[in-house]
Structure formats: C-alpha cells, structure tokens
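What follows is a short report on a single structure.
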Amino acid sequence: MTGVNRRDFIKTGAAGLAAATVASVAPPTSASQTTNYPAIDVAALDTLEPGAEVAFEYPDASAPSVLLRLREAVPGGVGPGKDIVAYSLLCTHKGCSVNFLSERQMLVCPCHWSSFDPAKKGRLIIGQASQSLPMIELEVRGGMVRAVGMDGLIYGRHTNIL
Amino acid sequence: MSNAPLPPPNAEVVETVCQFCIVGCGYRVYKWPVGKDGGPGPDQNAIGADLREQQGPEGDWISPNMHAVVKDKAGAFNVAIVPDKSCSVNSGLASVRGGGLAQTLYSPDRGTKARLGMPQLREGDGFADAEWDETVDLGARVIKAVIDRWGPDAVGMKFFDHGGGGGGFENNWAVGRFFFEGVGTRTASIHNRPAYNSEVHAAGDAGLAPLTNAYIDAQLADTILIVGANPYETQTNYFLNHMIPNLNGDSLDLKRSTFPGEPAAPGRMIIMDPRRTISVATAEAAAGKENVLHLQIEPGTDIAVMNAIARTVLERRWHDVAFIKERAEWQTFEAYQRSSLGSDRDAATVVTEAAALADILEADIYKAAEWIAKPKSGGVRRRTLFHYEKGLIWGVKNYENIASIVDLGLLTGNVGKPGTGISRLGGHQEAYVRPPYPGGRPALNVDEAARRGEAKVFWVGGCNPVLTTLRAEAVEANLIERGAPVSKAIAETVGKPIGERVAAIVEALKAGGMFILAQDLYMTATARHAHMVLPAAQWGEMNLTSINGERRLRLYPRFMDPPGEAEPDWAIMGKFARRLNQLYQDDNNPLMANKFLDFDWRGDEDVFIDARYSYKGDGNDPMEGYAGITYGLLRDLGNNGIQTPVRLVNRVPVGTVRLFEDGRFGTPSGKARFIPAPRPWPGYAAAVERQRKTYRFWINNGRVNHIWQTSYHHRHIDFYRERYPVPMLEMHPDDAEELGIAPGDVLQVSNDMGSVEAMAYPTDSVKRNHAFMLFGQPRGAAGDLVTDHVDPKTTIPYYKGAWADIRRKGAKPAEFEMASFLPRNVVE
C-alpha cells in the first residue's frame with residue numbers, strides 16, 4: 001500500500017546479524033562506581049564446571065549473590081567461554097531471594113514470580129520488578145574469578161555500598 | 001543506575017493512583033528540589049526507612065526506575081513514585097508498569113522529551129508550531145462551516161472514554177458535552193472501537209453493571225472463573241494481592257470470620273484461555289495443579305463451553321432455584337433453557353459437542369460445572385466469582401458471548417453476595433460520566449462513516465486508531481487519501497485571511513477531503529496524518545478523578561506542570577466551545593450559540609462537580625452515582641477513596657462495596673433477566689470464516705505486562721522498549737521449527753486485510769496453529785490483520801478473530817539483542 005508511512009520497518013538480514021555480536025552489547029565502560037567496590041575472590045576458574053552455581057555475598061555480607069556458569073557466551077560474561085556471570089539474588093520487586101532454574105537457565109522469584117534472564121544482563125523476562133537484577137562485574141585474575149563491581153542497585157538499598 | 005536519591009523529610013508528598021490499568025494501585029509521589037536529597041537515616045528521609053542497613057523483603061525501597069528528574073515551570077525537581085502500603089488495592093505492591101511511573105513524566109533530558117508542548121499546524125509533509133488562539137480559531141471555523149453545510153453528523157470523533165491517565169471524570173465530561181450537547185453528532189466512537197457503545201450490552205440488558213464485585217470478593221470466593229483474560233499480566237495486583245491469597249490459603253481466616261459455620265477451603269480457579277499464560281502457571285504454583293483448571297479452548301468456542309457448563313449445572317440441579325424465582329424474570333429463564341442451553345437435546349450430547357468444538361476434555365466441562373456450582377458439604381451453595389475480559393468481549397459474537405457468562409452467573413445465583421460477582425476484569429480505569437449519546441443502538445460505525453466520506457471532520461483524542469482499530473491499514477489509507485486535499489488547501493492559503501483559508505478547506509471537503517484533528521501527548525501514528533495537533537496534559541499535570549475495577553473513586557492530584565503550552569483535554573474542549581459560541585453569536589444564530597454555553601469552567605474541580613451532578617444528580621440510581629463528592633472529600637479519603645455508587649444518607653456520602661446486595665437489578669421490574677441466545681454456539685461470521693479457511697494461523701492478540709496500550713509512553717523508556725522493541729508473536733515451537741523460524745527472527749504476518757512484522761517468540765504457551773501477537777504497537781499493528789466484521793447487534797468487532805500466514809522475513813537484528821526469549825509462563 002503506497003503512502004502508508006507509519007511503519008518503521010525492522011532492518012533484517014546479514015547487516016543486522018553481523019552487528020548482533022556480543023561485543024556490540026557489552027556494557028559501556030561502567031556506569032557503576034567501580035573504584036568504591038571491594039574486589040572479592042569468588043571461585044577458582046578451574047572449579048567452575050558448566051552449570052556451576054556458587055553462592056556468595058557481594059559487596060558485603062548482607063548482599064546474597066550467585067555466580068553462574070551458563071551454557072554459552074553472554075553479554076557481560078567472563079572466562080574463556082564468556083559464560084560466567086554473577087547477580088544479586090534479591091528480587092528487585094519486593095526483595096525475596098530468587099532461585100536459579102538450571103534446566104531453564106532462568107532466575108525466578110518465588111514471591112510474585114518475577115523472572116530474570118542471566119544471559120541478558122539480568123533483564124526482566126516477565127513479572128513485576130521495575131528494574132533488571134543487578135549484575136556483578138567479574139574479572140579473571142590469576143585463575144580466580146573475582147567480583148569487582150556492580151551494575152544496578154541492589155534491592156533495599158539507596159546505594160550499593162552502605 | 002546504581003543508586004537512587006532519597007526524598008528529604010520535608011519533601012512534598014502526594015497520594016495518587018497509577019495511571020495505567022483498571023486495578024488502580026495506590027502510589028505516593030515525593031517531590032523535592034534537585035540538590036536537596038535526604039539521607040539514609042530514618043529521620044533523614046521522607047519514607048522513614050533506615051537505609052543504613054539492608055532492607056528485608058517487603059521493605060521500603062525506591063528502585064532507580066521509581067525515581068526521575070522532571071522539568072517543571074519552576075525548574076528541575078526530583079520525583080520518586082513508590083507503591084502505597086496503606087492502599088487496600090495493592091497493599092504496597094507495584095506492578096512492572098507502576099514501578100516505572102516516574103519515567104513517564106516529562107523531561108527534556110529523557111525519552112519523554114518527545115511530548116508535544118505546542119499546538120501544531122500542518123505545513124507540507126510536516127508541522128509548524130502555532131499559537132493556541134489561531135489554532136482554535138481555524139479549527140472552530142472549519143467545524144462551524146461543516147455543521148452548517150452538512151449537519152452535525154459530519155463531525156466525526158474517536159476519543160478516549162476511560163479513567164486513569166489521559167481520561168477521568170473531568171476530561172470525559174468536557175469531551176462528551178462538546179460533541180453530544182454542543183455539536184450534537186452521532187458520528188462518535190470510543191478509543192478502541194468503531195462506535196460509541198457499551199462493550200457489554202448483554203450485561204446491561206440483564207440488569208447488571210460491568211463491575212459488580214469488590215476486590216475482597218476474590219479473597220472470599222470458593223471458585224474464581226476467569227474467561228478470556230490474563231490477570232497476572234494485565235490486572236496484576238488484583239491477581240497478586242487478592243486472588244493469589246485465596247488460592248494459597250492465606251485468606252482462610254478471613255473466609256471463616258466472614259462466613260461463620262460455612263465450609264471453607266483455599267480457593268480454586270478455572271481459567272478459560274487458548275493460551276497457557278503465566279496466570280495459569282502462577283495460579284498452579286499458589287493453589288497446586290489439582291486446584292486449577294485450564295480450559296485451553298479453540299478460538300471463539302468459549303460461548304459453547306459456557307453453555308455446556310450451564311446445561312450440566314441445570315441437569316444436576318445445582319442451579320439456584322430460590323434466586324431465579326425471587327430475583328430473576330422466570331420467563332427469561334425458560335427461554336434461556338430452550339435456546340442457549342439446547343434443552344430439546346440430550347445434555348450429554350451438548351457437552352460432547354462443546355468439548356469437540358473447543359478441543360477440550362468432556363471431563364473438564366463436568367469438572368468446571370462442579371467447581372462452579374456443586375454445593376459444599378451440608379448443602380451450602382458455593383460462592384463463585386465470574387470474571388471476563390477482552391477474550392470474551394472481543395470474541396466471536398459479542399452480545400451472545402457476554403450473555404453466556406452473565407446467564408451462567410445468574411443461573412448459579414452468584415451476584416450481590418460476598419465472594420461472588422459477575423464482572424469484567426477491565427482493561428483501563430473508568431470514568432462513566434458523559435451526556436447521553438445522541439444516536440441509537442446499534443451505534444453508528446464511525447470507521448465506515450469516515451471511509452465513505454460522510455465525516456468531513458475527524459477529531460481523534462487520546463487514542464491511536466491507526467494502530468488499534470480493525471482493518472487498520474484501510475483506515476490509515478483513508479486518512480491519507482482524504483487528508484491530502486485539505487493539506488493542499490492549507491498549504492495554498494498560508495498567510496491569507498482566515499476566511500479564505502476556511503473557504504479553501506471547505507472546497508477540499510466538498511471534493512471528498514476530511515479535516516483531521518489529533519489531541520494527544522505525543523505525535524502518534526494517527527496524529528502524523530492530522531492537519532491540527534493539540535498538545536494535551538497528562539496524569540500528574542492536572543487533577544483528575546477515576547474509578548477502578550471495584551468502582552473505587554479517588555482523586556489523582558496534579559503535582560507538576562504540563563510541558564510547554566499543553567493543556568488538560570477539558571480545557572482544550574472549553575477553548576473550542578467558547579470560540580464556537582462566539583462564532584455563532586456573530587452569525588446571529590443563538591440556537592447554536594447556546595449549545596456551546598457554560599464551557600467556562602474555572603478549574604478541574606468545576607468540571608468534576610458539573611460532571612458528577614449533571615450525570616446522575618444526587619439521586620438513588622442503583623447502578624452509579626457520586627452524590628456529595630468533592631475534591632476535598634476525596635483528598636481526605638486518600639488512596640482508599642470511596643466505592644461508587646455513592647449516596648447521601650443523612651447528608652453524608654456513603655459508598656457501595658458491592659452492587660445488588662439488595663437484590664434489585666437495573667431493569668424496569670427490578671429483576672435480573674436471562675439473555676437467551678438463539679443457539680448454544682453462533683459460529684463464525686462469513687468474513688471471519690473466509691480467513692479461517694484461507695490462512696493457517698489464528699492470530700490472537702492482546703497486551704503483555706510490560707507495555708501499556710500502544711506503548712505511547714513505554715516506547716520512550718529503555719527498560720520497556722528493550723524488552724519488546726517490536727511486537728512479539730508467540731507461536732508453537734514445532735510450528736516455528738517447521739517454518740525454519742528461530743527466536744527473535746523477524747516475521748511477516750499477512751492476510752487479505754494487511755501485512756505486519758513481528759518478532760518470533762516460540763513458546764508452548766500456544767497450541768499448534770495458534771499465535772499470539774502484542775497488539776497495537778507503533779512498529780506492527782495487529783489490527784492490520786483484523787476483518788471489518790462487527791457484531792451487528794452491538795457494533796463490537798471480533799478483534800481476536802484474525803487468521804493469517806506467517807513467514808520468516810529475516811534473522812534476528814541487533815536491536816533485539818537484549819530482548820529475552822526465555823519462557824514467559826514458567827515460574828518453578
């Protein structure tokens with residue numbers, strides 16, 4: 001139909017696909033206050049089998065968190081396979097602790113069922129939270145996976161470092 | 001964002017209600033100057049929280065999306081909008097939409113900078129800023145010329161008719177008065193449909209109102225039936241704060257104390273929906289699978305299933321004989337049995353046929369009948385709450401569809417008692433005040449009138465039909481075609497005296513043109529085709545009043561200025577009415593001039609008082625009324641407001657928790673009426689059947705929890721836009737595999753009505769050969785695929801009834817990269 005001008009058509013095909021690399025959606029060199037964050041060893045890289053799930057606290061003892069080794073390279077992932085990520089476990093809806101459904105590779109809150117995608121920087125899949133699950137910035141140094149910062153505000157805080 | 005500023009103890013605090021869905025959750029708005037933040041100590045911030053320590057679950061917390069810096073006439077302010085724990089509707093719960101309310105506020109530094117701040121007049125392919133006075137003068141003169149030459153019906157309109165953001169008593173009343181009392185046009189239509197009509201005429205004819213129950217009834221019911229709705233996503237905190245506590249047993253104590261001596265158990269839920277939605281999954285998580293019945297029906301067959309359930313109830317003698325005898329017109333009950341329930345045939349056959357048609361188990365129809373109506377131990381009647389929404393309303397035959405659930409509710413006596421009700425779940429909030437529509441019933445189809453050239457003026461307010469109406473491509477093509485000669489006339493008379501400009505426009509109208517006005521917050525897809533665009537104020541920029549899904553009336557106060565010269569809709573209507581009054585006076589036509597008198601309200605409360613008094617007076621209408629309500633009273637009542645109808649008892653306004661507790665219904669006899677349908681199932685209309693036979697996929701469509709309506713706000717906010725950059729289309733994984741479609745691929749969805757693009761979202765939520773598409777989006781309007789068939793009795797479309805072919809158009813583009821494709825209906 002000629003003259004119909006409202007549709008901003010979706011660009012598809014090779015050009016779009018080529019642009020869709022993990023690098024293109026990697027975090028802009030950090031909105032978080034990396035300098036204020038502690039660096040904490042979470043796990044030795046060689047202990048993290050595929051499917052690994054490691055509970056820890058970050059940036060302090062009252063902030064339950066989880067490190068996950070996913071099945072594929074993801075935005076913000078570290079390690080040789082870019083498949084290691086970590087998140088705050090406190091749901092950004094009402095602060096209950098989310099569970100990792102390993103078969104589905106999703107984080108789900110048992111209180112009001114908000115769910116988050118660990119392969120998309122903690123984006124809300126469906127549910128009632130008003131922001132993504134805060135992602136913990138990781139680095140690999142000397143064979144250790146270390147937590148070094150955060151992107152996103154932890155539930156129940158006005159600033160991540162109390 | 002890794003922090004959120006705290007409001008200081010002296011921050012301005014306003015109680016208000018969410019602008020989005022029907023539920024109307026309470027929120028608190030904190031406003032304070034930039035640079036004057038509060039601190040983490042409980043006496044250092046206005047929320048009274050001790051944020052020196054980690055908050056526990058359900059604590060006081062401001063998420064980054066609950067905060068924004070906004071631009072006011074006096075400068076930049078911080079605003080934080082947080083859910084209100086003291087509001088009985090949501091008890092401190094936010095939804096994904098309400099949690100981002102702050103992001104919808106105007107700022108020149110965020111996406112909402114796209115708000116309209118000045119009137120716009122067409123200039124070639126674009127627009128130029130204009131002054132209000134010249135804009136109103138030109139528009140009013142064109143409208144007058146059209147009324148004088150072609151009569152009032154040549155002025156067509158499609159306007160919001162709702163509460164919440166962009167609506168409310170104030171704006172609805174002013175718009176209604178302008179078009180119905182002023183212009184006197186019948187060529188009127190409501191935001192989402194081609195006519196000015198009820199979506200539930202059958203409920204009205206039965207003597208019921210659309211919203212009969214209180215939300216607490218969902219905590220008290222033995223069984224909740226939900227037909228054609230997905231409340232976790234679209235009536236969120238009614239579901240989470242009232243239905244879930246029933247399903248998981250949390251409301252047992254309330255049941256026992258409310259109904260002493262009556263058997264009490266955690267509630268059961270029946271959901272009739274062609275999709276296995278997250279509402280089904282979460283209901284199962286709360287109640288246990290054994291207490292949730294999902295009837296995953298084929299499209300348009302809900303009515304047959306409902307009638308088969310009713311026939312079973314009757315056969316087993318579980319119907320409420322006392323209620324029917326005392327509260328209903330008996331002869332309508334007899335007619336209902338003969339026609340809707342097919343009582344000339346064997347009951348088992350009716351069930352077998354319905355099960356086959358709907359592709360569900362016969363046993364599930366019997367189970368539904370038991371859960372709805374089989375008496376509890378001791379012969380105590382079950383309390384069942386009946387809810388329905390767009391899946392039924394916009395179904396195969398609007399009038400008979402609504403009749404089927406209303407009749408089933410009446411058959412089992414489930415209205416006017418705690419724990420019962422027969423109600424819409426609702427989409428948007430409501431504000432029912434309008435002068436009566438001057439046309440008859442069925443109402444005139446405005447889309448048709450515009451297509452045939454009978455509408456010379458088409459004024460679109462607070463809605464976007466190019467994205468949401470049926471057969472939307474044709475509607476848009478018509479706007480372009482009929483708008484063009486008027487655009488040309490405007491271009492050729494730039495700088496000429498106003499009389500010459502109007503004369504040129506009228507010549508263009510004579511030649512088949514149409515003068516298009518759009519009144520909105522943003523330059524929408526429809527507004528882009530207008531000749532005149534009027535900037536409207538939004539929620540928070542004016543005082544407005546609305547009711548929610550349990551008729552809870554509250555004040556939504558103004559707490560900031562509109563951008564630029566944007567004005568509340570009621571004030572815009574006032575400007576046009578006053579100008580028309582003057583033009584008719586100048587023309588020595590007092591008859592017409594007087595129709596536009598009394599539009600000079602001094603403020604929004606004037607409009608409210610005018611509306612609520614003119615609409616129902618201070619009388620005793622059993623269905624609706626607002627006697628004695630003022631802004632002052634509503635301010636005192638805060639976020640719990642008062643439930644309508646409100647009547648004066650000893651001069652004190654008294655609300656109504658649930659309707660029909662006195663057993664009197666809205667019919668001349670005061671008794672409810674069964675609405676017999678000619679047959680248990682009406683079948684598909686010809687235009688629909690043609691599509692069904694030609695194309696493979698049923699394209700169901702509706703909302704998702706992230707996105708409100710056409711995404712007019714949410715497309716400007718990263719958090720929401722990244723989730724659904726374009727409309728997603730759910731399809732079965734086996735169908736996707738067969739067609740070589742991967743998650744995130746771009747799809748082309750086409751049929752004889754049009755063609756749209758969508759983002760592939762394979763999921764077993766839908767059956768094979770079914771699909772579900774997010775409706776009404778700027779980059780893909782499901783309405784393009786819908787036929788122009790309407791129920792001839794009500795002029796309500798079968799919006800859910802489109803069939804189309806789906807093909808893969810291309811691979812997932814980079815802009816979908818942060819959209820998740822994990823299941824939307826898995827919670828454990």
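The values are calculated or read from the model by the stated rules, or taken from the named source; none is laboratory data. Computed from a predicted structure; not experimentally measured. Backbone-built Cβ (ideal geometry, glycine too); neighbour counts: all protein chains shown. Just the protein is used for accessible areas: all its heavy atoms, side chains included, with ligands, DNA and RNA removed. Shrake-Rupley method; radii C 1.70, N 1.55, O 1.52, S 1.80 Å.
Couple of notes before you dig in:
- Chains B and A together, accessible area buried on both sides, 1.4 angstrom probe, square angstrom: 5700
- Net charge of neighbours whose Cβ lies under 13 Å from the Cβ of residue B:737, counting Lys and Arg as +1 and Asp and Glu as -1: -3
- Ellipsoid semi-axes in whole angstrom, largest first, where each is sqrt(5λ) of the Cα gyration tensor of region B:212-424: 25, 21, 15
- Average accessible area per residue (Å²) across region B:686-816 - probe 1.4 Å, nucleic acids and ligands excluded: 29
- What the Cα atoms of the protein assembly as shown give is an Rg and a Dmax of 28.2, 92 Å.
- Ordering B:566, B:490, B:599 by the projection of their Cα atoms onto the charge dipole of chain B, which places +1 on the Cβ of Lys and Arg and -1 on the Cβ of Asp and Glu, puts B:599 at the extreme positive end.
- Cα-based reach from residue B:73 at 19 Å (exclusive), listing lysines while leaving out same-chain residues under 8 positions away: B:31, B:36, B:113
- Residues of region B:796-828 whose accessible area (probe 1.4 Å, heavy atoms of protein chains only) drops by at least 40 Å² once all protein chains are present, relative to their chain alone: B:811, B:814, B:817, B:818, B:820, B:822, B:823, B:826, B:827.
- The residues neighbouring residue B:108, those whose beta-carbon lies less than 14 Å from its own, together hold a net charge of +2 under the Lys/Arg +1, Asp/Glu -1 convention.
- Annotation: amide H-H contacts under 5 Å for residue A:144 (H modelled 1.01 Å from N, sequence separation of 5 or more, or interchain): A:45.
- Here residue B:374 is the anchor, and the lysines within straight C-alpha reach of less than 24 Å, apart from those fewer than 8 places off in the same chain, are B:255, B:289, B:325, B:417.
- For chain B: rounded, prolate or oblate by the Cα gyration tensor [a/c cutoff 1.5]: rounded
- For the protein assembly as shown, with all protein chains in place and a probe radius of 1.4 Å, 50% of the accessible heavy-atom surface sits on carbon or sulfur.
- Span per principal axis, largest first, for the Cα atoms of region A:37-151 (Å): 40, 28, 19
- For residue B:800, the lysines whose Cα falls under 26 Å of its own Cα, not counting residues fewer than eight places away in the same chain, are B:158, B:390, B:397, B:693, B:767, B:809.
- The residues neighbouring residue B:202, those whose beta-carbon lies less than 13 Å from its own, together hold a net charge of 0 under the Lys/Arg +1, Asp/Glu -1 convention.
- Sparsely packed loop sites in region B:332-410 (the trypsin sites (Lys or Arg not before Pro) outside DSSP H, G, I, E and B with at most 14 other Cβ atoms within 10 Å) comprise B:345, B:376.
- Rounded to 0.05, the FRET efficiency of the residue A:71 and residue B:114 pair, given R0 = 30 Å and the Cβ-Cβ distance, is 0.15.
- Estimated inter-spin distance, residue B:76 and residue B:752, nm [label 7 Å along Cα→Cβ]: 5.8
- Rounded to 5, the percent of DSSP beta bridges in chain B classed as antiparallel: 55
- DSSP assigns beta bridges within the protein assembly as shown; of those with both partners inside it, close to 65 percent run antiparallel.
- Anisotropy class of region B:1-87 from Cα gyration tensor, a/c 1.5 cut: oblate
- Rounded if a/c under 1.5, otherwise prolate or oblate - region B:686-816, Cα gyration tensor axes: oblate
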